[in-house]
């Protein structure tokens, strides 16, 4: 078991980062470049709940593997890695079960995404929520990249 938990940790963090990178940096832009805006928004929107749940599962697996490897709370720097993962888990769960449903409710009140409707209150609220979601997503991607790049710092 001494080598299994560290391997599971590394794989889970890599899958977390890789999933975010492929979805955010490759698939979403590709869908919006090749499909009409309404279709692209519907397709990407349909994938968002699964995307955030996938990320939460990968973070939870990584966090459990940290504790199984004995890295959970053993010293200041290793504990920082655990805190990063715990915060990422909370953020991903909040996105999946609070933010995405709220965005869907707001989006259902938008008459259209036509430029003429740009000042509709629901569209402006959706824009703020979307900007917050994207910012948080890229912060989480940066956290995953940090855990990968500095993996020796965040374990005993």
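The values are calculated or read from the model by the stated rules, or taken from the named source; none is laboratory data. Just so we're clear, the structure is a prediction, and the values are computed from it rather than from any experiment. Neighbour counts are summed over all protein chains in view; Cβ atoms, including those assigned to glycine, are modelled from backbone coordinates with ideal geometry.
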When the residues of the range 112-125 are narrowed to those that are closer than 24 Å to residue 49 by Cβ and surrounded by fewer than 14 Cβ atoms within 10 Å (Cβ to Cβ), which ends up modelled with the highest pLDDT? 124
Meets criteria (within 27 Å of residue 6 (Cα to Cα) and assigned to a helix (DSSP H, G or I)) for residue 98: no
Of the residues in the range 108-152, those that are in a helix (DSSP H, G or I) and over 20 Å from the mean Cα position of the chain (by Cα) come to 108, 115, 116, 117, 121, 122, 123, 124, 125
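Results for (1) assigned to a helix (DSSP H, G or I); (2) more than 16 Å from residue 147 (Cα to Cα); (3) modelled with pLDDT under 90, shown as yes or no for each residue.
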residue: 44; (1), (2), (3): yes, yes, no
residue: 47; (1), (2), (3): yes, yes, no
residue: 55; (1), (2), (3): yes, no, no
residue: 60; (1), (2), (3): yes, no, no
residue: 73; (1), (2), (3): no, no, yes
Which of (1) without any contact (Cβ under 8 Å) to a residue 12 or more places away in the chain; (2) out of contact with any helix residue (DSSP H, G or I) (no Cβ under 6 Å at 6 or more places or on another chain); (3) more than 26 Å from residue 23 (Cβ to Cβ) is the odd one out, the single condition residue 101 does not satisfy? (3)
